[in-house]
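This report concerns only the one structure given below.
A short reminder: the numbers here are calculations on the coordinates, not readings from a lab. Owing to the predicted nature of the structure, the values given are computational and were not obtained by experimental measurement. Glycine also receives a Cβ, built like all others from the backbone with ideal geometry; neighbour counts cover every protein chain displayed.
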Amino acid sequence: MEATAPRLSPPPSGGFLDKLVPLSHWLDAGVAKRDEQHNAYARLAWTVIVCIWALVASGLQPKYLGVYGCIAFALLFSLAYLWTVFRWPAPSRPRRAAALLYDNLAISYVASFGGPFAPFVWFHFWTTVAFGLRFGPAYVPRAASVAIAGLLWNLMFSAYWQAHRAFGFSVVLGLLGIAATSWVAFRDIAAAHAHTANRARQDALTGVPNRQCFTEHFSQALARTQRTGRALALLLLDLDGFKAVNDALGHAAGDALLQEIASRLGRRLRRSDMLARMGGDEFAILLEPVGERVDAASVAEELVRAVAGLEAIGEASMSVGASIGIVLVDAASARSAGADELVKRADRAMYEAKRAGKGRYAFAD
């Protein structure tokens with residue numbers, strides 16, 4: 001058996017598109033959905049404000065016809081963005097990618113006219129930070145890179161920016177700096193949030209996943225079994241004699257015993273398996289995948305021996321055992337019985353093992 005490392009959260013989704021335009025928010029799915037709507041409203045409001053300011057600042061001069069066309073398109077884009085959010089509220093890669101490209105390229109285009117529109121470059125800072133705040137830290141360098149590309153284009157081909165290169169390069173350096181600092185800050189916040197979320201799904205005493213984490217993982221495992229047809233086994237393990245140890249040696253010894261048992265059980269499982277503490281002296285083990293009935297029985301025998309082989313914690317003598325109830329789950333049973341029902345079957349089998357003499361395992365009917 002390989003040493004197991006409890007997985008407290010599902011691995012992040014992979015793929016090139018997910019890395020380029022991720023849909024999952026750095027906080028949670030609910031925040032991501034709300035921010036789609038908030039971003040749509042904020043986009044429309046800011047577009048109206050900027051359009052009014054641009055029209056007033058330019059004095060409606062004919063040489064700025066390109067700017068006016070861009071303003072009109074910006075209003076249409078904002079309305080279309082708002083409509084798609086209400087029509088399809090789930091986060092969308094094409095919508096996010098279009099917004100990221102359009103926002104920064106439109107700003108660079110308007111700023112290329114110089115004069116009253118040169119200050120438009122400062123909106124790049126707003127878009128860079130806004131995308132990071134709303135959609136996650138991965139968008140900070142993406143928004144900054146598009147903005148910098150637009151600015152460099154202006155520095156090469158716009159007469160105004162060729163005459164004001166120092167101004168342009170200062171904006172480029174500012175974008176590089178804010179992208180770097182924002183990325184680090186957002187990653188730290190996201191890591192802290194992920195750590196807090198994992199702690200909420202981790203048993204504080206033993207360090208293995210808790211009941212909440214097990215429930216989520218078991219539901220996902222059942223869905224995989226239905227999809228792939230690969231069976232799994234659920235084992236419920238309850239300690240024999242734990243109350244006597246607690247009463248005789250105290251809760252500190254009982255806690256040390258639970259920690260040692262969790263460590264012993266984990267070392268006898270594969271990395272694909274899961275060990276969780278359900279509460280008290282009860283543990284749940286998911287073997288995924290499992291081949292035959294004899295494979296689950298072999299693991300159960302190994303776990304019973306691991307617990308029975310524990311003789312002392314520190315200077316205190318220990319005499320405990322383990323009773324295990326086992327449920328084999330194939331695609332058909334995963335569809336016909338829910339997670340709660342399967343746990344109940346394993347629990348009944350575990351008590352059958354106790355009634356049969358303890359220190360053994362029993363299969364559910």
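In segment 116-261, taking the dipole from charged Cβ atoms about the Cα centre, the farthest positive-side position among Q220, P209, V171 is held by V171. To the nearest ten degrees, helix 293-308 and the longest principal axis of the Cα atoms of the chain are 80 degrees apart. In terms of surrounding Cβ atoms within a 10 Å radius of their Cβ, D330, D365, D273 rank from fewest to most as D365, D330, D273. Charged side chains reduced to their Cβ positions (Lys and Arg at +1, Asp and Glu at -1) give segment 211-363 a dipole of some 480 debye around its Cα centre. Loop-located GluC sites (Glu not before Pro) in segment 268-365 (DSSP state not H, G, I, E or B) with no more than 15 neighbouring Cβ atoms inside 10 Å: E292, E311, E315. Return one number: the angle in degrees, 0 to 90 and rounded to the nearest 10, between the long axis of the Cα atoms of helix 251-267 and the longest principal axis of the Cα atoms of the chain. So the inclination is approximately 80 degrees. Loop-resident trypsin sites (Lys or Arg not before Pro) (DSSP state other than H, G, I, E or B) in segment 328-365 with no more than 11 further Cβ atoms inside 10 Å of their Cβ are absent. Running a GNM on the chain with Cα contacts under 10 Å, which residue among A221, A349, A166 ends up with the highest mean-square fluctuation? Judging by the Gaussian network model, the answer is A166. Remark: the R224-V50 segment gains 57.6 nm on full extension, using 0.36 nm per residue and subtracting the alpha carbon distance.
Ordering V307, A252, S319 by the projection of their Cα atoms onto the charge dipole of segment 211-363, which places +1 on the Cβ of Lys and Arg and -1 on the Cβ of Asp and Glu, puts V307 at the extreme positive end. Summing Cβ point charges (Lys, Arg +1; Asp, Glu -1) relative to the Cα centre of the chain gives a dipole of roughly 1320 debye. The structure-derived value of semi-axes √(5λ) of the Cα gyration tensor in Å appears in the list (1) 61, 21, 15; (2) 37, 31, 19; (3) 41, 28, 16 under the label (1).
For segment 211-363, the share of DSSP beta bridges that are antiparallel, to the nearest 5, is 90%.
Once you keep just the Cα pairs under 8 angstrom separated by 6 or more residues, what percentage relative contact order results for the chain? It comes to 18 percent, rounded to a whole number. Antiparallel beta bridges, as assigned by DSSP with both residues in the chain, represent about 90 percent of the total such bridges. Report the FRET efficiency, 1/(1 + (r/R0)^6), for S319 and D365, where r is their Cβ-Cβ distance and R0 is 25 Å, rounded to 0.05. The value I calculate is 0.20. GNM on the chain, C-alpha springs below 10 Å: top fluctuator among L60, L205, L342? Highest fluctuation among the options: L60.
Name the residue from N154, A143, G59 whose Cα lies farthest towards the positive end of the charge dipole of segment 16-200, charges +1 on Cβ of Lys and Arg and -1 on Cβ of Asp and Glu. Positive-most Cα among the choices belongs to A143.
May I ask you to compute the full-extension gain from Q61 to R293, defined as 0.36 nm times their residue separation minus their alpha-carbon distance, rounded to one decimal in nm? Residue separation times 0.36 nm, minus the Cα-Cα distance, leaves 75.3 nm.
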